[in-house]
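Have a look at the structure below, then the notes.
The values are calculated or read from the model by the stated rules, or taken from the named source; none is laboratory data. These numbers were taken from a predicted model, which means no experiment stands behind them. As a convention, Cβ positions derive from the backbone with ideal geometry for all residues, glycine included, and neighbour counts pool all protein chains shown. Calculation scope for accessible area: heavy atoms of the full protein, side chains included, ligands and nucleic acids excluded. Shrake-Rupley method; radii C 1.70, N 1.55, O 1.52, S 1.80 Å.
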Amino acid sequence: MTFSNDKAIYLQMADRLCDEILAGTYKDDDRIPSVREYAVLLEVNTNTAVKTYDELARANIIYNKRGLGYFVTPGARKQILKERKQEFMKERLPELLRQMKLLGIKKEELCNFFDTADV
């Protein structure tokens, strides 16, 4: 994984794990990689992975079964979707709409692009 400089690595790792939950890689009550496995996979220090898992546990996205590892909290996907939609609507969409207005992009153009884009 390539990390950017605009956000802490442990938060980028948390985002990636949330992306995997959204994509269906991990479902409710599925076991996720151990802290060590995830650290090795992403080539980071184990302490960074611990911080990631602590953050996700505090957010109630994952939970720990002592001796067995970490698992996806039931309803985590729904919670992630809700939070990400709110963030998109408050943080990203206003800037997108501002840029559209500056560039003279009409709703119809956007809708046509959206309907034909391969996303």
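Report yes if some residue within the stretch 20-32 is open to solvent by 50 Å² or more (accessible area, probe 1.4 Å) and of a type in the set (Ser, Thr, Tyr); otherwise report no. Yes, the stretch 20-32 contains a residue that is open to solvent by 50 Å² or more (accessible area, probe 1.4 Å) and of a type in the set (Ser, Thr, Tyr). State whether one or more residues within the stretch 74-95 are touching a strand residue (DSSP E or B) at 6+ places or on another chain (Cβ under 6 Å), of a type in the set (S, T, N, Q), open to solvent by 60 Å² or more (accessible area, probe 1.4 Å) and modelled with pLDDT of 95 or more. Scanning the stretch 74-95 turns up no residue that is touching a strand residue (DSSP E or B) at 6+ places or on another chain (Cβ under 6 Å), of a type in the set (S, T, N, Q), open to solvent by 60 Å² or more (accessible area, probe 1.4 Å) and modelled with pLDDT of 95 or more. Scan the stretch 40-58 for residues that are at negative phi, of a type in the set (D, E, K, R) and out of contact with any helix residue (DSSP H, G or I) (no Cβ under 6 Å at 6 or more places or on another chain) and the total you get is 2.
When residues of the stretch 35-53 are filtered for being of a type outside the set (Phe, Trp, Tyr) and surrounded by 15 or more Cβ atoms within 10 Å (Cβ to Cβ), how many remain?
Of all residues in the stretch 35-53, those of a type outside the set (Phe, Trp, Tyr) come to 35-37, 39-52.
Subsequent filtering for residues that are surrounded by 15 or more Cβ atoms within 10 Å (Cβ to Cβ) retains 35, 39, 42, 44, 48-52.
Qualifying residue count, the stretch 35-53: 9.
Pairing each residue of the stretch 86-109 that is free of Cβ contacts under 8 Å to residues at least 60 places away in the same chain with any residue that is surrounded by 10 or more Cβ atoms within 10 Å (Cβ to Cβ), provided the two are 6+ apart or on different chains, yields C-beta distances under 7 Å for Met100/Leu110.
Here Arg36 meets the list (1) within 21 Å of Met1 (Cβ to Cβ); (2) within 17 Å of the chain's Cα centre (by Cα); (3) without any contact (Cβ under 8 Å) to a residue 24 or more places away in the chain almost entirely, failing just condition (2). When the residues of the stretch 96-119 are filtered to those that are of a type in the set (A, V, I, L, M, F, W, C) and open to solvent by less than 90 Å² (accessible area, probe 1.4 Å), which remaining residue is nearest to Ala14 (Cα to Cα)? Among them, the one singled out is Leu96.
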